[in-house]
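Below is one structure, written out as structure tokens; comments come after it.
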Amino acid sequence: MDKILITGGRRLEGRISVSAAKNAALPIMATALLSAEPLDLENVPDLADISSMRRLLQLLGVEVTHKAGEAGHMVLHCPELLSTTAPYDLVRRMRASVLVLGPLVARAGEARVSLPGGCAIGTRPVDIHLSGLEALGAKIELDGGYVHATAPGGLQGAEYLMPTVSVGATENLMMAAALARGQTVLMNCAREPEIVDLAACLNAMGAKVKGAGSERIVIDGVEALRGALHRIIPDRIETGTYAMAAGITGGRIEIDGADPSLFGEALDKLRRTGLALDATETGMVADGGGARLSGVDVMTQPYPGFATDLQAQFMAMMCVADGAAMITETIFENRFMHVPELHRMGARITVQGSSALVRGVERLKGAPVMATDLRASVSLVLAGLAAEGTTEINRVYHLDRGYADLERKLRACGAQIERQA
Ligand code: EPZ
């Protein structure tokens, strides 16, 4: 089981190139199921989750090839489906596998997809995905831990109000509606930039999707989708993570390829701590100014609110801030698993329900800690970068799901970080 060793206490100074957004690439790869023509994707990040999605799509009949010499250039081609079943063994490893459900029902009129099961950060049901497909005329049955969705006569456009804002449900239903007969109006949609990117890719394939990025999305179904060329947007969560690496160490990191407009409310919140974040010719620069940051309260919200995927990293940064910060998690019911690990490093955090009160300390101390989920694991990396002494992070396979080349990128900024098998 790999571990990462970090000797902290150094200011990070240097340049990092941000990768493409994992959470845009995953649904966009699934759109390959909707067309019999090749989908040409540029800038696909090299991550464990992307490999998982590639394996699942290949099982379903998608030929996946890589353009020689062009890292991240992936061509997905599904002339015909080989299967409409997404097996438990693959889905349990990556919840985003559920994003093949909508495309399969739209393309083939049926799908058998294993229920993803819960994960470390919460139960994460898929009831909204299922009720939305029912609204589009699919019949949904649950048996043996599998969802069996059928729409023998195809899907029929409809109006559907989502009871909770859900990124995945918005994406699944957008993809399903693209080939439905007639018009679909989705309300209370998630507004994340990854949804806007998915809509851009669908429209490049000949779909008719309007309103992505707002809470109301209108899709006029078409007979068939063609192939397209699409470049994935930069990863705003990876960008925020490296910006906070500059913040927690008082350093300065140029983040090439970053797009400040993708941050929503998080940009203002991070700036309020004293972390300078400015646009540059090639992306963004984050400057901790060599000073201790100030405590700032944060509540996670659906986009454009403060992203829940930045909460753990922000908490790590607040652990060494001057003052206190109240951090409230409103999206997932169990996303404070990084707290006991940060306690081991000397952090002062009190959790009450969905809120955590962080009282900044002068210095964290390195210690052996355990990664529990993707974003919690990277918050421990940030804490290790600032801590005195050595931090050993175990179960780093969580990190590899969402951060390409993490050690190399941080070493390029002066971090003393290495992986041990
Ligand atoms: C996406 O997950 C992201 N994953 C998550 O990133 C991110 O944390 C989350 O959106 C919120 O922004 C991908 O895009 C692959 P949701 P998703 O449906 O779609 C409840 C990471 O670190 N809900 O917006 O699964 C759910 O339980 C990952 O990269 C239902 O109740 O999130 C949660 O409380 C972690 N029923 C809330 O909605 C449903 O049918 C938001 O979940 C669906 C969701």
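Taking every DSSP bridge with both residues inside the chain, close to 70 percent are antiparallel. Each Lys and Arg contributes +1 and each Asp and Glu -1, all at the Cβ; summed about the Cα centre of segment 269-333, the dipole is approximately 160 debye. Normalised by the number of residues in segment 200-272, the average gap of Cα pairs under 8 Å and 6 or more apart makes the relative contact order 21 percent.
Legend: P(r) of the chain from all alpha carbon pair distances, 20 Å bins from 0, whole percents, reading 28, 55, 17, 0.
For segment 40-120, the relative contact order works out to 27 percent when only alpha carbon pairs closer than 8 Å and six or more residues apart are counted. In this simple spin-label approximation, K210 and H343 carry label points 7 Å from Cα along the Cα→Cβ vector, and these lie 5.4 nm apart. Restricting everything to alpha-carbon atoms, can you work out Rg to Rh for segment 14-73 with a Kirkwood hydrodynamic radius? We get a ratio of 0.99 for segment 14-73.
If a/c stays under 1.5 just call it rounded; otherwise compare a/b with b/c (prolate if a/b is bigger, oblate if not). Do that for segment 227-329, with a ≥ b ≥ c from the square roots of the Cα gyration tensor eigenvalues. Provide the component values of the computation, followed by the final result.
Values: a/c = 2.47, a/b = 1.40, b/c = 1.76.
In terms of gyration-tensor shape, oblate.
Of K208, K67, K22, which is the most mobile in a GNM of the chain whose springs link Cα atoms less than 10 angstrom apart? Most flexible of the set in this elastic network: K67.
Accessible surface for segment 210-287, divided over its residues, is 38 Å² per residue with a 1.4 Å probe.
Rank these residues by their accessible area, most exposed first, probe 1.4 Å: T249, T330, T85. Numbers along the way, then the final one.
Working: T249 20, T330 65, T85 45 Å².
If we order T249, T330, T85 from most to least accessible, we get T330, T85, T249.
Close amide H contacts of R252 (hydrogens built in the peptide plane, cut-off under 5 Å, sequence separation of 5 or more or a different chain): L12, E13, G14, G288.
Which pairs break 29 Å Cα to Cα here: K365/K409; K208/K409; K67/K269; K269/K409; K139/K208? It would help to have the intermediate numbers written out before the result.
Details: K365/K409 23 Å; K208/K409 39 Å; K67/K269 40 Å; K269/K409 25 Å; K139/K208 25 Å.
Pairs exceeding 29 Å: K208/K409; K67/K269.
Would you mind computing, in nm to one decimal, how far apart the modelled labels at R363 and D278 are, each placed 7 Å from Cα along Cα→Cβ? Here the modelled spin labels are 3.2 nm apart. When the Cα positions of M370, G353, Q311 are compared along the charge dipole of segment 300-378, M370 comes out farthest toward the positive end, with charges on each C-beta of Lys, Arg, Asp and Glu. Exposure check, 1.4 Å probe, all protein chains in place: L133 carries approximately 0 Å² of accessible surface. Given their separation in residues at 0.36 nm each and the Cα-Cα distance between them, R11 and E141 gain 41.3 nm when the chain is fully extended.
Computed over protein heavy atoms with a 1.4 angstrom probe, the accessible surface ordering of T170, T282, T150, largest first, is T282, T150, T170. The Q156 and R408 beta-carbon pair, evaluated with R₀ = 51 Å, returns a calculated FRET efficiency of approximately 0.55. Among the GluC sites (Glu not before Pro) in segment 1-109, those located in a DSSP loop and surrounded by at most 11 other Cβ atoms within 10 Å of their own Cβ are E70, E80. Using a Gaussian network model of the chain in which every pair of alpha carbons under 10 angstrom is joined by a spring, one finds that among D49, D197, D220 the greatest mean-square fluctuation is at D220. For segment 40-58 versus segment 151-225, the spacing of their alpha-carbon centroids is 22 Å.
Across L115, L5, L406, L161, the residue with the most accessible area heads the list, and the full order at a 1.4 Å probe is L161, L115, L5, L406. Averaging the sequence gap over all C-alpha pairs within less than 8 Å and six or more residues apart, then dividing by the number of residues, gives the chain a relative contact order of 21 percent. Can you tell me the FRET efficiency between D297 and H66 if r is taken as the Cβ-Cβ distance and R0 is 41 Å, rounded to the nearest 0.05? The computed FRET efficiency comes out at 0.35. Label sites at A224 and L82, each approximated as a point 7 angstrom past Cα along Cα to Cβ, lie 2.2 nm apart.
Solvent-accessible area of R216, all protein chains in place: 120 Å² (probe radius 1.4 Å, heavy atoms, ligands and nucleic acids excluded). Cα centroids of segment 349-413 and segment 249-289: 20 Å apart.
Stretched out fully, how many nm does the piece from D256 to T390 gain, at 0.36 nm a residue minus the Cα gap?
On the way: separation 134, 0.36 × 134 = 48.24 nm, distance 2.88 nm.
Between D256 and T390, full extension yields 45.4 nm more.
What is the diffusion coefficient of segment 91-142 in µm²/s, taking the Kirkwood radius over Cα pairs and the Stokes-Einstein relation at 37 °C with a viscosity of 0.692 mPa s?
Details: Rh = 11.6 Å.
Calculated translational D: 283 µm²/s.
The values are calculated or read from the model by the stated rules, or taken from the named source; none is laboratory data. Predicted model, so just to flag it, every value in this text is computed and none were measured. We place every Cβ from the backbone using ideal geometry, glycine too, and count neighbours over all the protein chains shown. Surface areas here come from the heavy atoms of the whole protein model, side chains and all, with no ligands, DNA or RNA. Shrake-Rupley method; radii C 1.70, N 1.55, O 1.52, S 1.80 Å.
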